[in-house]
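Written below as structure tokens is the structure these notes are about.
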Amino acid sequence: MSDILCAALTRDTPRLDIRGATCQSLQPPKLLGTGVDTLMCCGTQFGKPCPISDKWTGYNLDVFSLPNHYCDDLECVFIPHGVIVDRIERLANDIMKDIGDNQITVLCVLKGGYKFCADLVEQIKNLSRNSERFISMRVDFIRLRSYCNDKSTEDLQIIGGEDLSKLTGKNVLIVEDVVGTGRTMEVLLSHLEEYKPKMVKVASLLVKRSANNKYRPDYIGFEIPNIFVVGYALDYNEHFRDLHHICVINEKGKEKYKV
């Protein structure tokens, strides 16, 4: 994968453009008259997220294959699957450089993190097979519940997972789907501290830009506006996990599937 991943969009032909030059803010023609001038710009510095502009309003649904039963419930395709896969490959490289030659316990946060976790672990395994460094991984699962509809609640439930005392003295990599307010992850980290792991790192596919979010994971896929997204295992009341891409749900979809 190129050192720099840029995705730009023209009016006529949506395309993903992977470039090897310094990535500046891209300014392609506006998309469908919406005033969009930037999708994303990824730097090469270790640990830096791939930011998506607040002005980005996504790809038209018509240019991707989507389940028919969801088409009326979505606003746009926000991050195409191919871009997600390329970004995870880069995260795997960063993790290998940072904590390679270690045995780690990957703690996957269900349910939204399972797809990201599976793809990230696979990429790390591929790197381990084809380089002098390695990461030996054991995978465990934990479930956190803090959302009702599209709102984060004050109540956090920690469900499942094997006996967390097994994490004592271990290197732990928490794999999360999205960090919204950061409160959920801070509570989980505080809970894990009781078991005295040797090291804890956090990888999150998405981090939302929000005045309320002060927490920054160690490895970040994309930094996105404070909007509610679905797909790639991210759900809205258990719906939309089967979407291939990350999409923005519309108001009709929220009303249709609210509880």
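The values are calculated or read from the model by the stated rules, or taken from the named source; none is laboratory data. Since this is a predicted model, take the numbers as computed values, not measurements. Here the Cβ is made from the backbone with ideal geometry for all residues, glycine too, and neighbour counts use every protein chain on show. With ligands, DNA and RNA removed, areas are computed over all heavy atoms of the protein, side chains included. Shrake-Rupley method; radii C 1.70, N 1.55, O 1.52, S 1.80 Å.
Looking only at residues in region 156-214 that are touching a residue at least 12 places away in the same chain (Cβ under 8 Å) and of a type in the set (Ser, Thr, Tyr), the one that is surrounded by the fewest Cβ atoms within 10 Å (Cβ to Cβ) is SER165.
Condition first: open to solvent by 20 Å² or more (accessible area, probe 1.4 Å), more than 18 Å from the chain's Cα centre (by Cα) and at pLDDT 95 or above. Can you find one or more residues in region 74-81 that meet it? Talk me through it step by step, then tell me what you get.
Here is the first cut: in region 74-81, the ones open to solvent by 20 Å² or more (accessible area, probe 1.4 Å) are 75, 81.
Now narrow it down to the ones that are more than 18 Å from the chain's Cα centre (by Cα): 75.
Then drop every residue that is not at pLDDT 95 or above, which leaves 75.
Yes, region 74-81 contains at least one residue that is open to solvent by 20 Å² or more (accessible area, probe 1.4 Å), more than 18 Å from the chain's Cα centre (by Cα) and at pLDDT 95 or above.
Do we find that LEU26 is within 30 Å of GLU255 (Cβ to Cβ) and either more than 18 Å from the chain's Cα centre (by Cα) or at pLDDT below 90 (or both) in this structure? Walk me through how you get there before you give the answer.
Working: within 30 Å of GLU255 (Cβ to Cβ): no; either more than 18 Å from the chain's Cα centre (by Cα) or at pLDDT below 90 (or both): yes.
In short, no.
Looking at LYS55, is it under 25 Å from LYS201 (Cα atoms) and open to solvent by 40 Å² or more (accessible area, probe 1.4 Å)?
Numbers: under 25 Å from LYS201 (Cα atoms): no; open to solvent by 40 Å² or more (accessible area, probe 1.4 Å): yes.
When the stated conditions are applied, LYS55 does not pass them.
Restricting attention to region 193-242 and to residues that are of a type in the set (Ser, Thr, Tyr) and assigned to a loop (DSSP other than H, G, I, E, B), the residue that is nearest to GLY113 (Cα to Cα) turns out to be TYR232. Scanning region 84-125 for residues that are open to solvent by 40 Å² or more (accessible area, probe 1.4 Å), more than 20 Å from CYS247 (Cβ to Cβ) and of a type in the set (A, V, I, L, M) turns up just one, LEU110.
Entry remark, region 58-77: residues being assigned to a helix (DSSP H, G or I) and touching a Pro at 6+ places or on another chain (Cβ under 6 Å) number 1 in total. For the structure I just gave you, tell me whether GLY221 is crowded, with 18+ Cβ neighbours inside 10 Å, of a type outside the set (A, V, I, L, M) and at positive phi. Criteria not met by GLY221.
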